[in-house]
Structures are given as C-alpha cells and as structure tokens.
1. Let me spell it out: the conditions are (1) buried (at least 22 other Cβ atoms within 10 Å of the Cβ); (2) within 25 Å of residue 354 (Cβ to Cβ), and residue 198 meets all of them except one. Which number is the exception?
2. Which one of these is assigned by TED's automatic domain parsing to the domain that holds residue 134, modelled with pLDDT of 80 or more and over 26 Å from the mean Cα position of the chain (by Cα): 255, 242, 194, 209?
3. Any idea how many residues of the stretch 9-30 are free of Cβ contacts under 8 Å to residues at least 60 places away in the same chain and aromatic (Phe, Trp, Tyr)?
4. When you go through 82, 50 one by one, which is the residue that is among the basic types (Lys, Arg), modelled with pLDDT under 80, in the same structural domain as residue 9 (by TED's automatic domain parsing) and part of a helix (DSSP H, G or I)?
5. Need the failing condition index for residue 124 against (1) in contact (Cβ under 8 Å) with a residue 60 or more places away in the chain; (2) of a type in the set (A, V, I, L, M, F, W, C); (3) in a helix (DSSP H, G or I), just the number.
6. Considering 120, 91, 114, which residue is modelled with pLDDT of 80 or more, more than 30 Å from the chain's Cα centre (by Cα) and surrounded by fewer than 21 Cβ atoms within 10 Å (Cβ to Cβ)?
7. State whether the residues of the stretch 157-169 include one that is under 27 Å from the mean Cα position of the chain (by Cα) and over 23 Å from residue 105 (Cα atoms).
8. From (1) without any contact (Cβ under 8 Å) to a residue 24 or more places away in the chain; (2) closer than 19 Å to residue 34 by Cα, pick out the condition that doesn't hold for residue 498.
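The values are calculated or read from the model by the stated rules, or taken from the named source; none is laboratory data. Please read these numbers as outputs of a predicted model, since none were measured by experiment. Cβ placement follows ideal geometry from the backbone for every residue including glycine, while neighbour counts extend to all protein chains displayed.
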Amino acid sequence: MVNPIIQRELVGMLRERRTFAAFALLSLAFSLTIAVRWPTEPRMALSGSRSVEVFRLFMLGLLVALHLLLPVFPATSLVRERNRGTLALLLNTPLGLWRIYSGKLLAVFGLALLMLFISLPSAAACYALGGVSLGEGLGGCYLILALTSLELCALSLLVSSSASTTDAAIRWAYGLILALGLVTLLPHALFVGSGGLTETVADWLRCLSPLAAILPYLGASDIGTHGTASTGSVSVRFMFLSILITIISSAWTMSRLRFSMFDRARSSGTMVDDQSLQVRTLRRFLFVIDPGRRSRSMSWLVNPVMIKEFRCRKFGRLHWLLRLVAACAVIALGLAILTTTRMVAWDVGTIGGILVILQVTLLVLITPSLAAGLICTERESGGWVMLQMTPMSVIRIVWGKLLSVILTLALVLCATLPGYVVIIFIEPGLRAQIERVVWCLVATAGFATLSTAAIGSLFRQTAMAIATAYGFLIAVCTLPLLVWLGRDAPFGHQTVQTALLVNPIAATLSVIRFPGFRDYDLIPGHWWFIGIASFASLVLLVAQTIRLSRPQ
C-alpha cells in the first residue's frame, strides 16, 4: 500500500513553478557543462584527462546544487503544517508516527533522486568520453550524493520540528548544512600533522563533510592535508557517519511528533531581586546595560524605524546583541591564538585565508536572515499599512531598516578583527595588505545587505524571501569557485579571472595572497563590480518600496 503522505507531498512539490524552474535550470547547466569541453575533433585523448576534468567540475556543481535547493522543502514542511493547524489533524489519523515521518522524508528524498536522475545524461556523457570508471567513479559519487541528500532531508526535518516559523527553520537549516559542509573541514586544516587526540578528532570531524568524501572518487587530492599522509578512508567514514546522523535525526524528529509539541508552556519567571547575591552579581556583569530598564524618549535625530527593528527582532534586543558580539569575540580570540601558534608552521597567506573564509561564512549565515525580511515581513504581517500611515518618507523608512542591519554587521565584523591585529603585530609590513582585506570584507557586508534586502522586497512571504536570498548569496560565493577548480583544464586563466571577479571570497583571498589565488589580479575590478551591484540593489530596493507605498 502506497503511503498517502508521499503522494501528497511529492505531487505538491512537483506542481510548484519554482520546482519546475529549478529542474529546468539544472538540466540546462548540466548540458552546458558538458558542451563546454566536448571534443570538436574526431579523436580523443587516450588518458581520458579531459573527461576526468569535466566530470570533477560536474559532480562538484551537482553537490552545490543539492545544498542550495534541497533544504528549503523539508525545512518548511512540519513547521508550515503546525502553523496552518493541519499537523494536529494529521496526527489524529490512523497512519501512525512512522508512516507520517517516513512519508515526508521519502517525498523530499524522492525530489532529490529526481535531481540526481536529471544529471544522469550528463554523467553518461562523461563516461562515454573515457577515463571515468563505472564503479568507483560514477557509482561512488552518486552513492555519496544520495547519502548526502538523505542526511540533508533528515536534518532539515529535525529543524522544522523545532522551529516556530518558516523563516527561522530555513535560517537554521542552511546554517547547520553550511557548518557540516565547511566548518567541519577547518579543524583538520589547522591541526593536521600535530598528532595525538586533537588530530584524531579533527580527522573524524572532516569526515562529516560531503566535500571531503566525494573528492577521492573524483581523483582529487585529499582536502586540507598540506602534503601529509591521510589515515583511513574519508568516504567510508562519511557513509557511516551520514547514516548514523540520519538515524539519530529521524528518531529525534519522531519523538517530537507528539501532541505535546503544540503545548508551549511559558516560564512564570523569577524576580531578579529575589535571587542570590552571586546570581545578581553575575547578571550585572553579563548585562552591563540592562535591556529591561526604561530609557528616555528618542531624540529627533534617531530613526524610529531602526529602533522598531531592533526591538522587534530577536537579534536586535540588546542582550542578544551582547551575546552575539561575545560569541564573535570568543571566536576571534581563538583565531588570534591559532594565528600566533600556527604562524611558525604556515605562511601569512594561509592563515589570513582561513580567517577570510570564516568571516565571509559568518556574513553569509547572518546577513540574509537580517536583511531579506525587512520589507516582506511587514507585508506578510500587515505592518506595512501602519508604516504607510506614518509621516516618514520612503527614504527614511528604507534607511532605518538598512541601518539596523548595518550596525549589527558592524559589531560582528569588529568582534572578529583581532586575528588581523595579531598578523600585523607579527608582520608589520603587511599592514597595507590587511587594510585592503578589511575593506574587501566591508564591501562584502554592504553587498550582502543591499542585495538580500532587494531580493526580499520582491516577495510577499518571508520564508521564500529568505530562502531565495540564501540561495543567491551562497551561489555568488560558491559557483565561481567551481570555475576556479577547473583552472587551466577546462577553463583558461582569463576565464577563471573573469568568473572570480564576482566572488567576494576569491577577491579577498587574492589580496591576502592565499595559495591558488596569487596569480589572479581581482582588485580593483571586484570593487567596481561590488559597487555597481550594490548601487543597483539599492535602486531596486527603493523603487520597490516606493511602488509598495502607493495606494493600492
């Protein structure tokens, strides 16, 4: 008997226009990837090197596409059912928890299998060129991609069962997936060759990343080894860990699918003055500025929209801002210590590149969740009508909303700069180079804010706006790197440099002289692109806000 949840979920997703558009774009991208390096002469290299080069680029692009498109559907599945009131009706049916959960999981996993099925003709073309084995090449890569898809679906459903809103679910799902895909590679890159328990833990952590697992099947060198020998099979470990994470996530999600998940009891609270002296002292130390204390009236110089954004947004509250800055400061302190200890073994470019990748990743995680919902959240909640009734102009409304994001990102950037201070202290001659890196990060923050805010203004629903903003920003930061991976084969130097001009990570890494980016001159071309794109995004944001402010 066919599970009715699978039919409802899968058919519903396939009927959406965005699913059809995504599949069409994927099919076109896969076809163009193969057509770029399809042989034009009636002979081919016996070594199959051209096929291996195209196959490597094609599989990495497919892995990125799965991370961009797949998490949106499962991350919004359960939370949307609960907010609409249909999840309680679903739990009252005689289907049972296992059939409900397995139906939702298999429906999204079926969508992922359709994405993999669309890529099969292009993969068959790579195999026809020669140089790619059927078992270890095609079979191993598709097995890694299938396990990755299943793991992404299970983790996104777990996030959906815990989140209270669809936009929060998408935010946490993308954050968790980026952490598993990229952040888990950092400890191994830092502590490889150090020996002991630290290297063992770091070696197992990088096995959580599908990128590290798929590279051996593509004939690429092991990531982050710096020339040292790697122990154990990363791919086998990834298969074991991905299955384990999928089982744990599924069991955890099913344990939450109870009627008790609808009962959200609130704590009655405790009076601060009734607590012990130690607790009051600790709170006074943590909350240097009490966010609950009544403040004076706002000055006429202060933008009221900015104050409204800070008070209505979770990360806008003062105690949450202090926690965010404190967390970033702790990360920066750890990076400063690693910079000092690892400067002897590595060059400045490698250390600075790691700092840049972490900071840009932090910007990608935070900015869309702050900026993408500036306009569409007001439209969805009905607050835009109240803003129209105020005597404030459209420019002042837009500036107030943007200022709330700019100040938050400024605090985050300032809290993550001590690592560069340590580099300047060790190598004073790099001050001008570090200053250019900081300016690149500031430009990246401005571009991310304006572009995601402009994208969010085009949507009516916050969840769709945040998902599109995340997809756009991650695509800008990752897709040009796929062209860089194919440098010299199949892409030439000029093609790679042109593609990297739009990538903020590549531009900053070229300034810091990171290995692999030293031969590319991306500044000031990247600054021109960032400036023009940011200005165009600002014009689009203002024009869309003016259009929405007119009487309907």
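1. Status for residue 198: all satisfied but (1).
2. Numbers: 242 fails: over 26 Å from the mean Cα position of the chain (by Cα); 194 fails: modelled with pLDDT of 80 or more; 209 fails: over 26 Å from the mean Cα position of the chain (by Cα).
The unique qualifying residue is 255.
3. 1
4. Details: 82 fails: modelled with pLDDT under 80.
Selected residue: 50, the only one of 82, 50 that is among the basic types (Lys, Arg), modelled with pLDDT under 80, in the same structural domain as residue 9 (by TED's automatic domain parsing) and part of a helix (DSSP H, G or I).
5. Result: residue 124 passes all but (1).
6. Details: 120 fails: more than 30 Å from the chain's Cα centre (by Cα); 114 fails: more than 30 Å from the chain's Cα centre (by Cα).
Testing whether each residue is modelled with pLDDT of 80 or more, more than 30 Å from the chain's Cα centre (by Cα) and surrounded by fewer than 21 Cβ atoms within 10 Å (Cβ to Cβ) leaves just 91.
7. Step one: list which residues in the stretch 157-169 are under 27 Å from the mean Cα position of the chain (by Cα), which gives 157-169.
From what's left, over 23 Å from residue 105 (Cα atoms): none.
Scanning the stretch 157-169 turns up no residue that is under 27 Å from the mean Cα position of the chain (by Cα) and over 23 Å from residue 105 (Cα atoms).
8. Condition (2) is where residue 498 drops out.
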